[in-house]
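Shown next, in structure tokens, is the structure this report addresses.
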């Protein structure tokens, strides 16, 4: 029988045998994983736990919060502020940063997260998830400020997500490929179920919200028109379309079997460069995709090379199969 490798053992080996992560980062990632188990339990309870429905409040983005949005955000804040690994945290649900209180030791890392991605799917029992990103606090800075978070995605030292679906799966990179862990509910631990995840360079599957087609820029329309033309068009092959309205679920599908995901700029809010958040969604997902051999751009440049200007900056996202992303990016340039 194949020996099961726990998340803890995997992280210890990344630290001890491969030298990819220091001990404080390992401990931080274990705390995040425990948070994901707690959130998974709340999600699985559903109506039995009285966690469904709207909280009748709005987040900093002006979006209506679900009860589970607030629960997940509180779980991540409360579990991570006292361990001594972090200097501060930032969440899609909060306007400013959350500095570790003075009564606790302050570490050298910064944690960013979208506590519950895909909130519109909560009440219909479709996959949702938690996205997280870890940066190192700049050396020499006294205290911590919002400016410390405004680093390029290429500076990430760890990133991942947890998808709450038929199984609870934690997906992680520390810069040495992508590993997947499945929550063993009987043992209460995440177990390694896939590593060295690789995205095929070609695909016949794309994900985009087709209802917004009339608002897209011409390069995106051209690409989708070519996909829809199938074997009779210039691509000479038929494509399938998928759309779940949960970035975690969309990216998980691509990491599992390939594809391309697009959430492009559109003309409804032309002043905004995109819909998705650079720091909480695009950066961690882009690094995972790249670590698995894929590509992630905003249509013009690599997402991980974008210098953020604000904590809640938005961005256009095109990620997934290398050849498809590069084709669509070439249409923009």
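Rule-based calculations on the coordinates, nothing more; no lab input. As the structure is a prediction and not an experimental result, all values here were calculated from the model. Note: ideal-geometry Cβ built from the backbone for every residue, glycine included; neighbour counts use all protein chains shown.
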### Task
Find the Rg to Rh ratio for the chain, where Rh is the Kirkwood radius over alpha-carbon pairs and Rg uses the same atoms.
0.96
### Task
Please give the direction-averaged projected area of the C-alpha convex hull for region 7-195, in square nanometres with one decimal.
11.2
### Query
For region 136-213, what ratio Rg/Rh do Cα atoms give with a Kirkwood hydrodynamic radius?
1.10
### Query
How long is the gain from residue 194 to residue 272 if the chain were fully straight, where each residue apart is worth 0.36 nm and the alpha carbon distance is subtracted?
24.4 nm
### Query
What is the helix-to-structure angle for 7-16, meaning the angle in degrees between its Cα long axis and the longest Cα principal axis of the chain, kept from 0 to 90 and rounded to the nearest 10?
80
#### Entry: Helix 218-229 axis, angle to the chain major axis (alpha carbon atoms, nearest 10°)
70
### Message
Looking at region 205-332, I'd like the Rg to Rh ratio, where Rg is from alpha-carbon atoms and Rh is Kirkwood's inverse mean 1/r.
### Response
0.94
### Spacing of the two label points (7 Å from each Cα toward its C-beta) at residue 257 and residue 214, in nm
3.3
### Task
Pick out which of 18, 85, 312 has the largest mean-square fluctuation in a Gaussian network model of the chain, springs linking Cα atoms closer than 10 Å.
18
### Message
Report the gain in length on full extension from residue 4 to residue 48: 0.36 nm times residue separation, minus Cα-Cα distance, nm rounded to one decimal.
### Response
12.6 nm
